[in-house]
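The values are calculated or read from the model by the stated rules, or taken from the named source; none is laboratory data. In this text the structure is predicted, and so the values were computed from the model without any measurement. Cβ placement follows ideal geometry from the backbone for every residue including glycine, while neighbour counts extend to all protein chains displayed. Keep in mind that these areas ignore ligands, DNA and RNA; they rest on the heavy atoms of the full protein, side chains included. Shrake-Rupley method; radii C 1.70, N 1.55, O 1.52, S 1.80 Å.
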Amino acid sequence: MEIRSAALIVNAQSRRGRKMFKHACRRLRDLPFKVSPHAVKNPAHLDRTVRQALEAKPDLVILGGGDGTISGLVDLLVGHDVVLGVLPLGTANSFARTLGLPLDIDGAIDVLASGVPKRIDLGMIDQDYFANCAAMGLSPQIAETVPHRLKKVAGRVGYLGWAAYQLGKFRPFTLFVDDGSGEKELRVVEVRISNGPYHGGTWLVDEASVTSGKIVVQAVRGHYKRRLVTNWAWSFLGRPERHHDTVSFTGTSIRVRTDPPLPISIDGEVLAHTPVTAHVAAGVIEVMVPRASN
């Protein structure tokens with residue numbers, strides 16, 4: 001597909017968005033196609049800006065922001081003959097990591113110039129599309145309570161510090177999961193609903209892939225919250241011990257409920273509550289990726 005026109009929409013309230021917007025615009029002038037830039041300082045206006053950009057029928061829509069921004073806007077691109085481009089401006093950038101994108105702005109823009117479109121899956125929580133990973137447990141507890149300024153100023157270090165604080169208030173819970181073979185009951189400390197392997201910027205779910213045509217529900221089993229700490233530590237270090245306490249369920253549609261009912265963070269934003277049905281939307285969108293990873 002030949003790219004002849006593009007729209008850039010940047011969440012200028014994200015930690016790096018405002019700082020990097022002007023730099024990105026300068027670099028984008030070097031691309032062999034016209035790019036219409038939009039810096040959105042109020043996140044409530046992002047949807048409207050994307051819809052307006054799509055009215056011009058660009059070949060490429062470039063979204064600049066974190067995982068939450070991209071996941072929240074990707075719904076608007078489904079059904080349009082448009083390729084998604086990603087500028088990773090967030091804290092964890094799990095979706096960009098899943099796609100094999102450079103995490104620096106210059107590298108990501110180089111992909112827009114020299115990369116190729118790749119058709120990928122999106123996950124779904126009930127009828128809501130998401131890009132990479134949803135979670136139940138400590139992650140939504142953090143997402144619901146983390147001060148915006150702390151995340152904006154201190155980035156990943158501040159986020160991890162707040163996570164350690166919230167861990168003291170966290171309690172394990174019961175998961176009921178049905179992948180079509182009957183409902184299973186597990187005592188767990190975290191649940192990940194994954195379209196891609198990364199969560200929180202760390203590789204966690206080996207079975208998940210944006211081209212598998214499947215959704216993965218991974219549970220970290222345990223009756224004590226130290227199991228979660230141990231699992232995250234082994235995962236951060238890339239050690240095989242991270243698999244000792246996990247069990248995964250894979251399918252095209254998986255029913256999930258918890259006791260007690262819990263919030264669900266979807267790519268870092270709390271947008272749902274159990275019970276839910278997790279689906280895969282196979283091959284529903286194209287995204288620009290490095291040529292070697294196609």
Please determine, in degrees from 0 to 90 and to the nearest 10, the orientation of helix 148-167 with respect to the longest principal axis defined by the Cα atoms of the chain, where the helix direction is its Cα long axis. 10
Can you sort K169, K19, K118 by 1.4 Å-probe accessible area, starting with the largest? K19, K169, K118
Asserting the computed 222 nm helical MRE of the chain (DSSP H runs at least 4 long, -39500 (n - 2.57) per run, divided by residue count, to nearest 500) equals -9000 deg cm²/dmol
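Classify region 205-294 from the C-alpha gyration tensor, please: rounded if a/c falls under 1.5, else prolate or oblate depending on whether a/b exceeds b/c.
It is oblate, given that a/c is not under 1.5 and a/b is not larger than b/c.
Where only protein heavy atoms count, and the probe is 1.4 Å, what is the accessible area per residue for region 1-63 in Å²?
With the other protein chains kept in place, region 1-63 gives 59 Å² per residue.
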Got a number for the accessible area of L237? Probe 1.4 Å, square angstrom, nearest 10. 110
Just how much of H80 is accessible, in Å², when a 1.4 Å probe is used and the result is rounded to the nearest 10? 90
Could you work out the relative contact order of the chain? I mean the mean sequence separation of Cα pairs under 8 Å and 6+ apart, divided by the number of residues, in percent. 22
Over region 205-269, with neighbouring protein chains present, the accessible area per residue in Å² at probe 1.4 Å is 51
Of the DSSP beta bridges with both residues in the chain, give the percent that are antiparallel, rounding to the nearest 5. 70
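Under a Cβ-only charge scheme (Lys and Arg +1, Asp and Glu -1), can you give me the dipole magnitude of region 1-119 about the Cα centre, in debye to the nearest 20?
It works out to roughly 400 debye.
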Protein-only accessible surface order, largest first, of R291, R119, R239 at 1.4 Å: R291, R119, R239
On Cα atoms only, tilt of 17-28 relative to the major axis of the chain in degrees: 40
Starting from the Cα gyration tensor of region 2-84, take the square roots of the eigenvalues, sort them a ≥ b ≥ c, and report rounded, prolate or oblate (rounded when a/c is under 1.5, otherwise prolate if a/b is larger than b/c, else oblate). oblate
For the chain, longest principal axis from Cα atoms; helix 46-55 axis from its Cα atoms; angle between them, nearest 10 degrees, is 50
Report the one residue of T230, Q218, H243 whose Cα lies farthest in the direction of the positive end of the charge dipole of the chain (charges on C-beta: Lys and Arg +1, Asp and Glu -1; origin at the Cα centre). T230
With all protein chains present, the chain has a carbon and sulfur share of its accessible area (1.4 Å probe) in percent of 51
Quick one: dipole size for the chain, taken about the Cα centre, charges +1 on Lys/Arg Cβ and -1 on Asp/Glu Cβ, in debye to the nearest 20. 1180
For a quick check of understanding: with a 1.4 angstrom probe and all protein chains in place, what accessible area in square angstrom does D128 have, to the nearest ten? 50
Given the pairs K184/K214; K41/K225; K184/K225; K34/K118, which span a C-alpha to C-alpha distance of over 29 angstrom in this model? K41/K225
